[in-house]
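Accompanying notes for the structure given below.
Read-outs: derived from the displayed coordinates by stated rules, not from any lab. Keep in mind the model is a prediction, meaning the values are calculated, not measured. Here the Cβ is made from the backbone with ideal geometry for all residues, glycine too, and neighbour counts use every protein chain on show.
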Amino acid sequence: MASGKYWVNNHAHVVTENDKADLNYICATLNLRDLADYVTGSAQPKLNQANMNRIQTPVPPLPLQKEFAQRVSEIRALQAAQAASRHRTEHLFQSMLHRAFDQAL
């Protein structure tokens, strides 16, 4: 998903929501899928319009779509927080390791 100013230089598909589908739900379901069967090309993988239109997505009632999208968003936020924590832990470990060997010399 994109918002604000952005540059599209080649293949882009514009997908919008309507009264039956929430955009965050559509984005989440597409991002959770294996799209290998729809992508063409190996050096420059592309998803053409015809293949994009072949992707079938379940369309539950709108309130369920919004709840699903919200939960996916919460999980993604937790994953980002865990990744940041792992990075900080690794940095702290490397700092402590450096201090331990620096003082030993």
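Quick notes on this one:
- Equivalent ellipsoid dimensions for segment 1-40 as semi-axes, Å, which come from the Cα gyration tensor, largest first: 18, 18, 9
- Using only alpha-carbon positions in segment 23-104, the gyration tensor eigenvalues give semi-axes of 41, 21, 6 Å once each is multiplied by 5 and square-rooted (largest first).
- Computed from backbone phi, the HN-Hα couplings of segment 63-73 come to x, 5, 4, 5, 5, 4, 4, 5, 5, 4, 4 Hz, rounded to whole numbers (Karplus: 6.51 cos²θ - 1.76 cosθ + 1.60, θ = phi - 60°; Gly and Pro given as x).
- Figure legend: label point modelled 7 angstrom from the Cα of SER85 along Cα→Cβ; residues of segment 34-78 with amide N under 12 Å from it are 78.
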